[in-house]
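Each value in this text was obtained by applying a stated rule to the coordinates, not by laboratory testing. Since we're looking at a predicted model, the values are computed, not measured. No Cβ is skipped: glycine too gets one built from the backbone with ideal geometry, and neighbour counts run over all protein chains shown.
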């Protein structure tokens, strides 16, 4: 006898078909999003008033999806794309220490501005006066990202925030994962990092000049990339070396325990006592303390850098990290050799300087330390700056990278130097 569907089963099946229809509608207008549009697994969940995601699943209330589609199919398309863009922009994973409600609103505004800017038939809607006002006001904030909008929102009154939230609220963020390093959150983030790169490459392959909204989409991908790129960037300064530590990959525990059972205290084999790992031995971080560089952002940069390195267990047991403050001369040099010393330094760190910017004294100073034997195994030098200074002409014998605070003049940077642009807003939260 054929199974007769219940009301719940029918609603679940129908809502999945509606979501598939929304995905197809979006794909026809935005073909370069094909991978992203299929990356979330639909999962019915009662009690939701709109869609939600954790980076792996697309949660929805079947009854709500059917009601919305019946009344306004275009809004269903927008809601689906809205949630997908949060994932592409890594909004789920970048909150850090920010206020949750403000961060949620900032992310919603950025995504809605992106969709409105695209102005595609599948998601088109008339712009409200409040939206026009908001987008116009944000033009004065420079390059738009969720972090920039968050900073802008901090200057708003509670009444203004409630009005903006009512206008831009689209999906539920309750399942967004904190960046705690747990496996599920890391897997979801890595997946969306890859999808973001694929989306960017797919858009470039189309070859057409990006429209205004699509330019904003690429900007958001770039903004999310800057922070994750910095993590990958720091890996360039690690070296492969043996470390005394049991290597479980090259050690069969069965033989070890069998020997203990057979001969009591005499194992058949001993564990391998070393393994090759990529870590940092000696490292120099130079911070530009000239008048044009913000002290709070310097602290944010140091917190971000050492936070990443600590999370990744990037230091050998015997390591030496130098923190050099320099404007047009070396103002201070502090050496740390343990996690505890690093934490103490970050808590009590004070910026010293305020003069003009000249990068050369720091390199001269480091070269002299090497010559005197005070630095023996330098794995690299990071120079944090706004870029407005005098660069050395000669290439040093160690890896060197300039980390720029926002936009910089690429033509002024020596060709031998690695470079990476960091966004001020991403450092402010760590200050």
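Which ordering of 128, 186 is given by a fewest-first count of other beta-carbon atoms within 10 Å?
Sorted ascending by nearby Cβ count, the order is 128, 186.
How much length is gained if the chain between residue 418 and residue 10 is pulled fully straight, taking 0.36 nm per residue apart and subtracting their Cα-Cα distance, in nm to one decimal?
Here the answer is 141.1 nm.
For segment 9-111, what are the per-bin percents of Cα-Cα distances with bins 10 Å wide, up to the bin holding the maximum?
15, 47, 31, 7, 0
Once you put a point 7 Å from the Cα of residue 346 and another 7 Å from the Cα of residue 125, both along the Cβ direction, what distance in nm separates them?
About 4.1 nm separates the two model spin labels.
Quick one: which of 83-91, 388-396 comes out on top by average Cβ neighbours within 10 Å, and what's the full order, highest first?
The most tightly packed comes first, giving 83-91, 388-396.
What is the log10 of I(q)/I(0) for segment 7-224, computed with the Debye formula using one identical point scatterer on each Cα and no solvent, at q = 0.17 Å⁻¹?
Normalising to I(0) and taking log10 leaves -1.31.
Using a 7 Å offset from Cα along Cα-Cβ at residue 198, what residues in segment 16-51 end up with backbone N under 11 Å from the label point?
Residues passing the 11 Å test: 33-40.
Please report how far the C-alpha centroid of segment 33-56 lies from that of segment 329-375, rounded to the nearest whole angstrom.
What the calculation gives is 48 Å, centre to centre.
Residue separation times 0.36 nm, minus the C-alpha to C-alpha distance between residue 393 and residue 329: what's the value?
This chain segment gains 21.3 nm when fully extended.
Can you tell me the order of 356-363, 153-160, 371-378 when each peptide is scored by its average per-residue count of other Cβ atoms within 10 angstrom, highest first?
Put in order of decreasing packing, that is 356-363, 371-378, 153-160.
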